[in-house]
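Rule-based calculations on the coordinates, nothing more; no lab input. Note that the structure is a prediction, hence the values are computed from the model and not measured. Virtual Cβ from ideal backbone geometry, glycine too; neighbours counted across all protein chains shown.
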Amino acid sequence: MKRKLCFITSTRADWGLLMPLAKALRQDRDIELQIVAANIHLDPAYGMTVDEITNAGFDIDARVPMAVCGDDEASRVKAMALCLDGMAEAFGQLKPDAAVILGDRYEMLAVASAATVMRIPIIHIAGGEISEGAVDDAIRHAISKLSTLHLTATEPYRQRVIQMGEEPARVINTGAIGVWNAFNTPLLDAEELGEQLGIDFGEQKVAVVTYHPATNDSIATPGERVAAMLEALDKYPELCTVITYPNNDAHGAAIIRLLEAYRDAHPDRVRLVRSLGMVRYQSLLKLASAVIGNSSSGIVEAPSAGVPTVDIGIRQRGRIAAPSVIHCGDSADEISSAIAKALSPDMQAVAKERKNPYYQPDTLSRMAESVRHFMASLPVEPKKFYDLPS
């Protein structure tokens, strides 16, 4: 009898990471793959990225819209309520034997809550990490406590999940799937990508820019933080900047308005893209001179593409980082100095070494085999709290 395994995806970012694992597991004769698409995937304002799922040859088994009507925190809580209601209906129809959740977004806490109450074991990817500058940090740990199988990106992260009382045998250090993507995704060449983005990579240096709201920042608004970043970018007019939309965290809409105005003011050197998708994003990293912003991809994936990262502010504070990652403050001067360091020959040489603490050569196979073994062991007994040895 096939076991039903349900992947829940809500953003362009998590689908790019989940897709290789979904592809590997749908070949398994003992697993029936299900996919639920939610949140940003179903929002035209963010590029209607559900099409990236279907274009990759997957069927969508359920759609869970959760319209966010407002740009504040309360609007996200109301959207979580919609997600919780929609997931109850989706799980009730699909009746999965287990669910796969990646990361730490607020809607995934609703997904995990629904799965827990409906007694659906959760396989959690990327637990044990730290990102002190966002409420995602607490949400990630909460999802870990609701989950039964854990696939972590480094050994210190594995140890942290065990420290939270999870059984060591069910906490597997697989490496980060985003890094596996960096080495295994068929990429576009400079000419093809340049035609799509309107960039001559032979003539222009390119920076990839992604800035999300730092939702634990109590000192300045996301808009003020982005304004400082844009001021710093103005000091490097020779850089063509490809800026991707932020996620739809609280105050993300304010960031988008600033970015649109910045693009309109500098059409010669700014490209603003709702969603690049995994192939274009990985292709762009290989051609870029720097990654700038506060996205986790700059910490986890960019080092394996051989490009330096300027990590701005507190959002990713606490994550393990490669030597090619430059942490800096939020002011325009601090960001500008970090960009200068990233573009320097010394840091470019460091980045080309591609040292990355998130890399393992067999990440995908380790993840797939761990999931297969878990699915074969269903049903599982209720979790027991694992106490660390005295």
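When its C-alpha radius of gyration is set against 2.2 N^0.38 Å (N residues), region 283-380 gives a value of 1.33. Please state, rounded to one decimal and in Å, the Kirkwood hydrodynamic radius that region 1-72 gives when every pair of distinct Cα atoms enters the mean of 1/r. It works out to 12.8 Å.
Rounded, prolate or oblate: which one fits region 17-152, using the alpha carbon gyration tensor with axes a ≥ b ≥ c (rounded when a/c is under 1.5, else prolate when a/b beats b/c, else oblate)? In terms of gyration-tensor shape, rounded. D by Stokes-Einstein for region 140-217, Kirkwood Rh over Cα pairs, 10 °C, 1.306 mPa s: 98 µm²/s.
Among VAL77, VAL161, VAL242, the largest mean-square fluctuation in a Gaussian network model of the chain (Cα springs under 10 Å) belongs to VAL77.
The long axis of helix 73-94 is offset from the longest Cα principal axis of the chain by roughly 40 degrees.
Out of every Cα-Cα pair that region 59-114 contains, those further apart than 14 angstrom amount to 56 percent. In a reduced charge model with +1 at each Lys and Arg Cβ and -1 at each Asp and Glu Cβ, region 222-340 shows a dipole moment near 420 debye about its Cα centre.
Between LYS205 and ARG257, the modelled labels are 3.3 nm apart [label points 7 Å from Cα along Cα→Cβ].
Charged side chains reduced to their Cβ positions (Lys and Arg at +1, Asp and Glu at -1) give the chain a dipole of some 1080 debye around its Cα centre.
Overall size of region 273-328 from C-alpha positions, given as principal axis extents largest first: 28, 23, 16 Å.
Compactness of region 161-266, taken as the C-alpha radius of gyration over 2.2 N^0.38 Å, stands at 1.46.
Taking N as the number of residues in region 83-234, what is its Cα Rg relative to 2.2 N^0.38 Å?
The value comes to 1.32.
The Rg/Rh ratio of region 335-390, with Rg taken over Cα atoms and Rh as the Kirkwood radius over Cα pairs, comes to 1.32. Here, the chain is characterised by an Rg to Rh ratio of 0.95, where Rg is the alpha-carbon radius of gyration and Rh the Kirkwood radius.
Divide the volume of the convex hull around the Cα atoms of region 212-285 by the residue count and you get 99 Å³ per residue. Here's how it looks for THR215: its modeled amide H is under 5 Å from those of VAL135, which are all 5 or more places away or on a different chain. With a Förster radius of 30 Å applied to the beta-carbon distance between ALA45 and VAL77, the computed FRET efficiency rounds to 0.90.
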